[in-house]
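Notes follow once the structure below has been shown.
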Amino acid sequence: MRNYTSVTEFILLGISNSEGLENMLFVLFLVFYVFALLGNLLIFLTILASPNLHTPMYFFLGNLAVFDILFPSVNSPKMLDCLVGQSRTISYQGCASQIFFYHTLGCTECFLYTVMACSTMAYDRFVAICYPMRYTVIMNHRLCTCFTVGTWLGGFVHGSILTFLIFKLPYCGPNEVDSFFCDIPVVLLLACADTSLAQTVSFTNVGVVALTCFLLVLASYTRIVISILKIISSEGRHRAFSTCSAHFTSILLFYGPVILVYLRPASSPWLDSVVQVFNNVVTPSLNPLIYSLRNKEVKLALRKVVSQAMQPLGYKE
C-alpha cells in the first residue's frame, strides 16, 4: 500500500489569461455580484409583500430569486479576493464546501427550472388559459411546496454524492487548482488515485441530468407554444409568447454553460473560466430583468412596495 502525504490546502490559480486585467475584472464582477444580490432580494421581498403575487408562478419565481442570491455567493467572494491580490489559498475543507454547495444549489436550481417549466410555468399557463375555473384547485400551495421540497432534497443528495466521491480520493500534490474556484473537473486532476468512478458519476449526475432536464423543459415549452397558438386573441398570444420567450432565455443561459462544461470531451481552461464566470455571476444578475422586471404585475407591485417604504422618509410619488 502506498503512503500519501495529504494535501491540507489548495491554491486557486484564478481566471485564465487575465493577467493585467485584475482591477477591471474586479470592478466588473463586483457590479454583477452586487446587482445579483440586490436585484434578487428586491424581487423576493416584492413577491413576499404583495398578496396579488401569491400565485404558483410567483411562488417559484421567489424561490428562484433565493437561489440566485445563494448560488453566486458560493464562489464570487473568493474570486473577488483573488482578483485584488488577496490569498489564493483555500483549505481542504473550504474546497470541499465549495464543491458541495455549488453542486447542491446548482442541481436544485436545475430541478427548479424543470419544475417551473413542466409543472408551473408551462402547466400553470396551460391551466390558466385552458381550464381557468380549475386553476386554483390544480395549482395549490401544497403542490407547489411539495415541488420545492423535492428540488431541495434532490439537490442535497446530488451534492452529497459528488462531494463524497471526490474527497474520498487521496490528494498528495500538486495542489494548484487551474480555476478561480474548486470544481469537479479541475480538482479530480489532482487526485493520486484512479478517478474513473468519480468521473463517470459526475458526468452522469451533472452533464446528463442537466441535458435531460433541458430536454424536458424544451418538450414542455413546445406543448405550451402549441397551446398558445390556439388562442384566438392576438393580444393574448403576444403576451403569452413574451412571457415564454423571457423564461426560455433564462433557461438557456443556465443550462447552456452547464452542458458545455460537463459534456464537452476536451477541456479548455480559458473557455471553462469564461463559461463558469458567466454561470456564476452574470446569469444570476440577469434573472431579475428577464423573469420579473419585464412583467407588468411585478413592476406595479415593486412600485407599490418602494412607495410604501419611502413614505416614512417623507417621500411621495
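Quick one: would you say LEU293 is modelled with pLDDT of 75 or more and surrounded by 13 or more Cβ atoms within 10 Å (Cβ to Cβ)? So LEU293 does not fit the description; no. Within region 81-120, the set of residues being more than 30 Å from SER220 (Cβ to Cβ), modelled with pLDDT under 90 and open to solvent by 10 Å² or more (accessible area, probe 1.4 Å) comprises ASP81, LEU83, VAL84, GLY85, GLN86, SER87, ARG88.
Against the list (1) in contact (Cβ under 8 Å) with a residue 60 or more places away in the chain; (2) among the polar types (S, T, N, Q); (3) out of contact with any Leu (no Cβ under 6 Å at 6 or more places or on another chain), the condition THR108 fails is (1).
Specify the residue that is farthest from the chain's Cα centre (by Cα); the eligible residues are those in region 176-194 that are under 23 Å from PRO257 (Cβ atoms) and not aliphatic (A, V, I, L, M). Taking the candidates together, the pick is ASP178.
Report whether or not LEU143 is modelled with pLDDT of 90 or more and either surrounded by fewer than 18 Cβ atoms within 10 Å (Cβ to Cβ) or at positive phi (or both). Spelling it out, it is not the case that LEU143 is modelled with pLDDT of 90 or more and either surrounded by fewer than 18 Cβ atoms within 10 Å (Cβ to Cβ) or at positive phi (or both). No other residue among LEU105, LEU80, LEU112 is more than 20 Å from VAL277 (Cβ to Cβ) and out of contact with any strand residue (DSSP E or B) (no Cβ under 7 Å at 6 or more places or on another chain) apart from LEU112.
I'm told ASP68 meets every condition in (1) over 25 Å from THR145 (Cβ atoms); (2) in a helix (DSSP H, G or I); (3) of a type in the set (D, E, K, R) except one. Can you identify the failing condition by its number? Only one criterion is unmet by ASP68, namely (1).
A Cβ distance below 9 Å, combined with a sequence gap of six or more or placement on separate chains, defines the contacts here; from region 195-216, residues that are closer than 18 Å to ALA117 by Cα reach residues that are part of a helix (DSSP H, G or I) and open to solvent by 70 Å² or more (accessible area, probe 1.4 Å) in the pairs PHE214/LEU252.
Yes or no, residue by residue, for (1) under 30 Å from GLU19 (Cα atoms); (2) part of a loop (DSSP other than H, G, I, E, B); (3) modelled with pLDDT of 90 or more; (4) in contact with a strand residue (DSSP E or B) (Cβ under 8 Å, 6 or more places away or on another chain):
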position	(1), (2), (3), (4)
LEU165	no, no, yes, no
PRO170	no, yes, yes, no
PRO174	yes, yes, no, no
SER179	yes, yes, no, yes
PRO185	yes, no, no, no
ALA191	yes, yes, yes, no
GLN199	no, no, no, no
SER202	no, no, no, no
ASN205	no, no, no, no
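The values are calculated or read from the model by the stated rules, or taken from the named source; none is laboratory data. Given the structure is predicted, the values throughout are model-derived calculations rather than measurements. When we count neighbours, we look across all protein chains shown, and the Cβ atoms used for this are built from the backbone with ideal geometry, even at glycine. Areas reflect the complete protein model, heavy atoms only, side chains present, ligands, DNA and RNA absent. Shrake-Rupley method; radii C 1.70, N 1.55, O 1.52, S 1.80 Å.
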